[in-house]
1. Find the strands (runs of 3 or more DSSP E) located wholly in the range B:16-113 whose residues include 3 or more that are β-branched (V, I, T) and in contact (Cβ under 8 Å) with a residue 60 or more places away in the chain, and list them.
2. Within the range A:95-117, take every residue that is more than 8 Å from chain B (Cβ to nearest Cβ) and under 18 Å from the mean Cα position of the chain (by Cα) and give me the one that is modelled with the lowest pLDDT.
3. Can you name the residue in the range B:45-67 that is open to solvent by 60 Å² or more (accessible area, probe 1.4 Å) and modelled with pLDDT of 95 or more and, of all such residues, is farthest from A:P110 (Cα to Cα)?
4. Collect the residues in the range B:70-113 that are more than 14 Å from chain A (Cβ to nearest Cβ), at pLDDT 95 or above and over 30 Å from A:F47 (Cα atoms), keeping them in residue-number order.
5. Pick from the range A:62-94 the residues that are in contact with a Gly (Cβ under 9 Å, 6 or more places away or on another chain) and surrounded by 15 or more Cβ atoms within 10 Å (Cβ to Cβ): which of them is farthest from the other protein chains (Cβ to nearest Cβ)?
6. How many residues does the range A:28-61 hold that are surrounded by fewer than 16 Cβ atoms within 10 Å (Cβ to Cβ) and more than 11 Å from every other protein chain (Cβ to nearest Cβ)?
7. In the range B:29-40, is there at least one residue being out of contact with any Pro (no Cβ under 7 Å at 6 or more places or on another chain), at positive phi and surrounded by fewer than 20 Cβ atoms within 10 Å (Cβ to Cβ)?
8. Looking only at the range A:7-53, which residues are in a strand (DSSP E or B) and without any contact (Cβ under 8 Å) to a residue 24 or more places away in the chain?
Amino acid sequence: DAMVIQNPRYQVTQFGKPVTLSCSQTLNHNVMYWYQQKSSQAPKLLFHYYDKDFNNEADTPDNFQSRRPNTSFCFLDIRSPGLGDAAMYLCATSSPTLKYLVGNEQFFGPGTRLTVL
Amino acid sequence: SQQGEEDPQALSIQEGENATMNCSYKTSINNLQWYRQNSGRGLVHLILIRSNEREKHSGRLRVTLDTSKKSSSLLITASRAADTASYFCATVETTDSWGKFQFGAGTQVVVTP
């Protein structure tokens, strides 16, 4: 089945130790998103890729970087995690070419729960 | 900044009852979508309503949209314990060409048997 996969599901890192979260998709969607979601809050968009074009949200900290080596994979790098970066990280995809059919429905992965010790 | 505001923040009902939650937004939208999130999981798309639509149904779900009031409601009829989840509205603005979402704060629904 076509889907969005995130690995690992749970990640524990130490304060200041770089960590990478991964996302892969079999949907062949142009757009991939990274969201940060803290407890009982709405997902907050960090950045997105439209194909290889990278778009950073204005309030995304410099500590967060992303890479998209190909259509299928996207990575979130946190260079020096702080305690405030503990959260669920959600990857999502959409396909603007289907805009007039599904209206930019986003397909979410199961998330990676990051714990910072 | 977050566009959508959801009301109520939390809702507790018994199986068989209906659950209604509301979402308000600030700008002109292309469409509004509702998503469900089970605890510790990703979001799942439930239903989309376009700006030129007023009401839409999908199974036990009914969504309304009032663009003059910039608000939407989601009704879940005959709720089940499996409907326990957080529900988020997300809007796509008319000026957006690629589908950036503005999420509401979410309504946490608990359905007790």
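1. Output list reads B:107-112.
2. A:S95
3. B:R54
4. B:L75, B:I76, B:T77, B:A78, B:S79, B:R80, B:A81, B:A82, B:D83, B:V111, B:T112
5. Looking at residues that are in contact with a Gly (Cβ under 9 Å, 6 or more places away or on another chain) and surrounded by 15 or more Cβ atoms within 10 Å (Cβ to Cβ), I get A:P81.
6. 6
7. Yes: one or more hits.
8. Of everything in the range A:7-53, those that are in a strand (DSSP E or B) and without any contact (Cβ under 8 Å) to a residue 24 or more places away in the chain turn out to be A:K44, A:L45, A:F47, A:H48, A:D53.
The values are calculated or read from the model by the stated rules, or taken from the named source; none is laboratory data. Computed from a prediction, not measured in an experiment: that's the story for all the values here. Don't worry about glycine lacking a Cβ; one is built from the backbone with ideal geometry, like all the others, and counts go over all protein chains shown. Areas reflect the complete protein model, heavy atoms only, side chains present, ligands, DNA and RNA absent. Shrake-Rupley method; radii C 1.70, N 1.55, O 1.52, S 1.80 Å.
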